[in-house]
Every structure is written in structure tokens, then in C-alpha cells.
Amino acid sequence: MKKIRTRFAPSPTGYMHIGNLRTALYAYLFAKSQGGDFILRIEDTDRARYVEDAVEFIEKTLAAAKIIPDEGPHQGGNFAPYVQSERMETYKKYAEQLVKEGHAYYEESENGVAIRQKMPETGETTFFDVLHGNITIANSELEDQILLKSDGLPTYNFANVIDDHLMEISHIIRGTEFITSTPKHVLLYQYFGWEIPTFIHLAPVMGKSDDGTISKLSKRHGATSFNDLIDMGYLPEAITNYVALLGWNPKSNQEIFSMQELIEKFSLEGLSKSPAVFDYDKLDWMSGEYFKVMSDEDFAKAAEKYFAEIPDDKKIYLASLIKTRVSKLSEIPDMIKFLSVLPDFDIELFTNKRNKITPEKSAEIISPAIEILENISVWTFENLHEKISAFIEKSGQKTGTIMWPLRIALAMQKVTPGGVTEILYLLGKEKSVERLKFSLEKLS
RNA sequence: GGCGCCAUCGUCAAGUGGUUAAGACACCGCCCUUUCACGGCGGGUUCGUGGGUUCAAAUCCCGCUGGCGUCACCA
């Protein structure tokens, strides 16, 4: 049995689209699930599109997503070089061989001399695709395509065939946009007498616009690159997990997968042949699941840059409060801003039907609470909890009735990370008392 | 437009001739609750359409419609 070898062959654009990331992921998962190799090859044959440092960018992005190539520009390998612009002599040799054998011809234009592939005028070409079965296209539909451009660089349609064969790629996993050009590739394999690899053409990742229309995922839909998502504060693991399920079904109800589990469970049968719409809501949910199972320490570390103003001794505690109610790290600032700056006073917030509370009644509760808090000398969570519980019991009121106005006075926002005790602890004695007094004054 | 690919809840999707057509996200309702979140329970006319084939069709065939892709010295 031939060794399974897949490749990810991006052009260096300095941008990792979610669709590309998914293609890389599936190629990686398939290779690894079969004990095969995953190769990274840079297709930089378009000089106009070349972006500085893009190769490094691609490698870093794949590393962040834990998609590790066995061979590539950085790791090297038996089939180096893995950058197409460094393989020009090879392409030239094969292109000339085709000319010699009558399957290609030179063409002169103002640009210089290029080589074109000569397509059969009759007949049809069929190839097998794992997802779509046999696909047949009439040869008359095929254009005499450029193989070698006048600048000496090959086109994708040529370099891709040469390299996939030379690098012993067994399965070509790529987007559906290549289905129509695959017959041209197949013809090339046949001219050279090379074994034809197995094709797997993946359906595109779509996006949904505000007006409900569906189209290929692009900027208008919001974040579209792996890095955009990282910047928004999603964990790389969560992104990879979500993207894996966007077009692949594990045939079980499991949804949370580590990379290792993905490798173990992956199979081509679960791949979908119809397009999948990227759903930010589902990503949010999945991301939240990852945060919830993180340790407080890890979460605090991940959220480090958002915790800059939080005292060191409170960071881990705050992390424990926030990690269960966040779907992306970038939500943190709005969630904790009230700790340093009290939002504008809003009397409306002191009315809550469910807890039977009104502004008037709030004042009656806040006033004695201030006294109790002022008398607490050891400001620990346990101590606070004890004193407040006693206060509630003594008042004879429902817990919610007491807690609601205190929490509002302390945070001045409807939604807070944690309840009254937690907020008191985070705020510290001085700030807590000050805020309660401020509200009491406004309410009187 | 030619050619090609695709078509199950709003979204991801299971399903391979006989099911009450799973599950998840989102949504709605209820419960729990020191708010929110978490958690628990429950809810919703989902197989694009018209023809076949068959005792039986979401599943097979054809047409239609719709979406997407492709027709570069881009990849």
C-alpha cells in the first residue's frame, strides 16, 4: 500500500482565509489519521501577488492552529525545495518535454515566449473524485492553457501537477473551484505516464449577509481569517474545532474534539459535498465551552492583556468568575470596566419586578448595608458572605430583594460577572462603601 | 451564456427504499438561581419543485428552479 501523502499549497498572500485553513486541516487530518505525511508547499508563481514575509506568516498560522507539516520550506524534506519559485528549472524541463512530444507548443507575444498545453479537440476526460464520483468534461471545453509563462514561471495548473507527482502526493484535497480545471491536470498526468492521484474537492465555506443572502465567506460577513478570529479573542483550539465540523461530520454526537481526537476520528466519509455557512453563534458557543473547562490560571493568562488594570492578587479570582460567561476574550473589557469606572447613575436599574424592588425600597436596604460593611475589618470573601447572609436573614426579606439594589449600586449595570459578594470582594472595602453611599445619596 | 458542482429545520447536520426524519447552535417558554451566566426540562408544519420507478421515496431516475464554481501569461 502506497503511503498517504497530502499537501497544503497556499500562495503567499499574507492572509489565512478560514476556507484555506479548513482545507489545510482536512489534508492534515486525513494524512495523520492514515499514518501519512502532510506537506506544506508554497505556490509563489505569481510575482505580482507576492507578499513579503508571507511564508513565515503561513507557517506561524499553521503552528498556532497545531497543523504541523512533516515537510515544508522550514522543515525541509526529501523533496525540497518546497517553494515553487525555487523549482523553475524542473518545470522548464517538463514543459519542454511536452513540446517535444507534441502535447504543448511555444507561443510568442509582446511579453515574450510562453508554452501552451495542446488540448485534444474531441473526446472527453473523466476523473474520479472521492466526494463526487466520476466527473466527465468534454475536451472541447478545455482551453489550450499556458503551462510556462513568458517570465519563466509556471502557472498553477502546471506546477501543481509536476510537484504533486514529484512529491509523491497521493491525495489532492483542495477547493471545488479546481474541479473544472482538473481534466487539464489529468491530461498532463496521462502525457507523462504518471499515476493519477486521488482527488477530493471540498465545498466552499459560505457567509451569511444581514439581508439573509448566502455567498462565499468574505469581508462583508465579518472576520474571515484565522488571525481575525484570534484577534477577537477566540482560542486557536476552539477555532480549529469549529472549522473541522464545518463540512465534516464525525458520525457521532460528539462536538468537542482535541486535535488528537480529530485525528483519530477523521474519515473522508464524513466530508460534506455541499457548502457550509460559517455560523458565528455556534463558534461563540464552542469557544465558551473551551473557556469553561480551562483552569483559572490558564484563563487569566489567556486574558492577560485585558486584565492589565486588575490587581495581581485578584486576577485568578476574576478569571474564575469570567471564564464561564464569555465566548471570546474581547468581551472582557465591557464586562469588567465597571470595576475601575462606575457607569453613569441610572435610577431605572433599581426597579426589578422579579425581585420586588423599587428605588425607594433600595435606599432602605443600602443604608443599613453600608453600616455593616464599614464595620467589616477583614475583607475576605468568606467574611463578606457571612455578614451579608446574616444581614439578609435579619431583614426577613428574600435574598434577591436585598441583593439586587446592592449589586446595582456597586456596579450600576444590569449584568455583572458574579453576584454582590464577588463584586464587593473585587472592589475592596473603600470603593464598595463609596459607591453605596453615592447611590444612597442619589436615591434620597 | 456554455460547461460543471450542489440542494434535509434560520445555521451545522444524521439519514443510503419502510424512522414518531437524530443531535448541536440559535430562538421561545418554564424551572433553578445572589443579577447575568451556568445547569435542568420542554417547544417549533424541516426533506426546493414537477414528473416518474416501487407495495413503499428525504433516500433511485428525469425535467425545472435556485445557489455556487469555472471559462487568465491568478491560484
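Nothing in this text is a laboratory measurement; each read-out follows from the coordinates by a stated rule. Here the structure is a predicted model, which is why all the values come from computation and not from measurement. A quick note on method: Cβ atoms are made from the backbone with ideal geometry, for glycine too, and the neighbour counts reach across all protein chains shown.
Using θ = phi - 60° in the Karplus curve 6.51 cos²θ - 1.76 cosθ + 1.60, the 3J(HN,Hα) couplings for the stretch A:345-352 round to 4, 9, 5, 4, 5, 7, 9, 9 Hz; x is entered for Gly and Pro. Between 0 and 90 degrees, the angle of helix A:429-443 with respect to the longest Cα principal axis of chain A falls at about 70 degrees. Relative contact order of chain A: 12 percent, from C-alpha pairs under 8 Å at least 6 residues apart in sequence.
Looking at chain A, the DSSP beta bridges with both ends there are about 60 percent antiparallel. Electrostatic tally near A:ARG87: other residues with Cβ closer than 11 Å to its Cβ, Lys and Arg +1, Asp and Glu -1, net -2. Centroid-to-centroid, using Cα positions, the stretch A:77-115 and the stretch A:243-290 are 40 Å apart. Here's how it looks for A:ILE172: its modeled amide H is under 5 Å from those of A:THR198, A:PHE199, A:ILE200, which are all 5 or more places away or on a different chain. Over the stretch A:337-444, Cα pairs under 8 Å with separation of 6+ residues give a relative contact order of 41 percent. As a calculated quantity, the FRET efficiency between A:THR358 and A:GLU430 at R0 = 30 Å, using C-beta atoms, amounts to about 0.60. Each label was represented as a point 7 Å from its Cα along the Cα-to-Cβ direction; for A:ASP312 and A:ILE263 these points are 3.8 nm apart.
Pairs A:LYS2/A:LYS216; A:LYS66/A:LYS314; A:LYS323/A:LYS414: which are spaced more than 30 Å apart, C-alpha to C-alpha? Too far apart for the 30 Å limit: A:LYS2/A:LYS216; A:LYS66/A:LYS314. Positive-end ranking of A:THR90, A:MET119, A:LEU131 along the dipole of the stretch A:83-144, with charges on Cβ about the Cα centre, is headed by A:THR90. Listed by chain and number, the aspartates and glutamates placed with their C-alpha closer than 13 angstrom to that of A:LYS337 are A:GLU309; residues fewer than eight positions away on the same chain are left out. Each residue of the stretch A:10-21 is assigned a 3J(HN,Hα), and the resulting list reads x, 8, x, 9, x, 8, 10, 5, 4, x, 5, 4 Hz, derived from the Karplus form 6.51 cos²θ - 1.76 cosθ + 1.60 (θ = phi - 60°), x at Gly and Pro. For A:PHE8, the amide hydrogen comes within under 5 Å of the amide hydrogens of A:ILE39, A:LEU40, A:ARG41, counting only partners 5 or more places away or on other chains and with H modelled in the peptide plane. By the helix-only formula, in which each DSSP H run with n ≥ 4 contributes -39500 (n - 2.57) and the sum is divided by residues, chain A has a 222 nm mean residue ellipticity of -13000 deg cm²/dmol. When only Cα pairs below 8 angstrom with a gap of at least 6 residues are kept, the stretch A:191-250 shows a relative contact order of 20 percent. Beta-bridge orientation, the stretch A:105-206: approximately 70 percent antiparallel, per DSSP, counting only bridges with both partners inside. Summing charges over all other residues whose Cβ lies under 13 Å from the Cβ of A:GLY175, with Lys and Arg as +1 and Asp and Glu as -1, gives +2.
Think of each Lys and Arg Cβ as +1 and each Asp and Glu Cβ as -1; about the Cα centre, that makes the dipole of chain A roughly 1220 debye. Going by alpha carbons, how many degrees (0 to 90, nearest 10) lie between the helix axis of A:54-64 and the longest principal axis of chain A? Around 50 degrees separate the two axes. Working from label points 7 Å from Cα in the Cα-to-Cβ sense, the A:ASN78 to A:GLU52 distance is 3.8 nm. Taken along the Cα-to-beta-carbon direction at a fixed 7 Å, the label points for A:GLU304 and A:LYS93 span 4.9 nm. Partners of A:LYS100 within straight-line reach, counting lysines whose Cα lies under 19 Å from its Cα and excluding those fewer than 8 residues away in the same chain: A:LYS92, A:LYS118, A:LYS149, A:LYS184.
Summing Lys, Arg as +1 and Asp, Glu as -1, what charge do residues with Cβ under 14 Å from the Cβ of A:ALA308 carry, A:ALA308 excluded? Residues close to A:ALA308 contribute a combined charge of +2. Against chain A, whose longest principal axis comes from its Cα atoms, helix A:280-292 is set at around 60 degrees. Take the Cβ atoms of A:THR136 and A:ASN253, set R0 to 41 Å, and the FRET efficiency comes out at 0.60.
The residue among A:GLY270, A:ALA54, A:GLY288 whose Cα reaches farthest toward the positive pole of the charge dipole of chain A, with charges on the beta-carbon of Lys, Arg, Asp and Glu, is A:GLY288. Using the Karplus relation 6.51 cos²θ - 1.76 cosθ + 1.60 with θ = phi - 60°, the per-residue 3J(HN,Hα) values for the stretch A:148-158 come to 10, 6, 5, 8, x, 8, x, 8, 4, 4, 9 Hz, with x marking Gly and Pro. At an R0 of 45 angstrom, the distance between the Cβ atoms of A:ASP151 and A:GLU348 translates into a FRET efficiency of 0.10.
A cut-off of 5 Å between modelled amide H atoms, ignoring neighbours fewer than 5 places along the same chain, links A:VAL277 with A:MET206. Using a Gaussian network model of chain A whose springs link C-alpha atoms within less than 10 Å, name the residue from A:ARG49, A:ARG41, A:ARG22 with the highest mean-square fluctuation. Checking each option, the largest mean-square fluctuation is seen for A:ARG49.
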